[in-house]
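Please read the structure below before turning to the comments.
The values are calculated or read from the model by the stated rules, or taken from the named source; none is laboratory data. Model, not experiment: these values are computed from the prediction. No Cβ is skipped: glycine too gets one built from the backbone with ideal geometry, and neighbour counts run over all protein chains shown.
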Amino acid sequence: MYRRLSELGASRGSVSKTLNEFILEGGKTRKINLTACIKEPRKYGRFDHAIEVMEWMQKRKMNFSHVDHAVYLDHVTYSTLLNCYCKELMSEKSLTLFEKMDKMKLLSTSMSSSNLMTACLLIIFPICVCVCDAITCA
């Protein structure tokens, strides 16, 4: 099931349609597998797929506990906010939010660390280039 959903990244297909076809072909959907299908796409920036899986589960009245829902929303919200801070090179806000996420145990993937490191490099690299140019030119 996850393999099929992961292939949607390139084709821009429908999560609901893919899950429905999987069931029609005799595939079994279990909460643990669907939960993995919510968590995994985040690693590749596919937040929309994770949300679609969750919505599909809710439409079918699958057992999606309040705790699961709250953790998922916190995770997606904080990670998305961190990603935005990093892209906008807001270093202090990025670092503060990263530390908060760490305390809340919301750093389950390396994606948040990668976002933060990329932002640091984008902030520091131009400074290094300017310093190196100044040294070379002097």
Would it be correct to say that LEU24 is at positive phi and at pLDDT 75 or above?
no
Residue under evaluation SER79, criteria (1) surrounded by 13 or more Cβ atoms within 10 Å (Cβ to Cβ); (2) under 29 Å from CYS37 (Cβ atoms); (3) at pLDDT 80 or above, criterion not met:
(3)
Of the residues GLU52, GLU99, only one is among the acidic types (Asp, Glu), under 19 Å from SER14 (Cα atoms) and modelled with pLDDT of 80 or more; which?
GLU52
Candidates ASN33, ASN63, filtered to the one that is at pLDDT 80 or above and either loosely packed, with under 14 Cβ neighbours inside 10 Å or part of a helix (DSSP H, G or I) (or both):
ASN33
Of (1) at pLDDT 85 or above; (2) touching a Pro at 6+ places or on another chain (Cβ under 9 Å), PHE47 satisfies every one except (1)
Take the residues of the range 1-16 that are exposed (fewer than 12 other Cβ atoms within 10 Å of the Cβ) and assigned to a helix (DSSP H, G or I): which is modelled with the lowest pLDDT?
ALA10
Condition set part of a helix (DSSP H, G or I) and among the aliphatic types (A, V, I, L, M), scope the range 82-99, selection surrounded by the fewest Cβ atoms within 10 Å (Cβ to Cβ): answer is LEU95
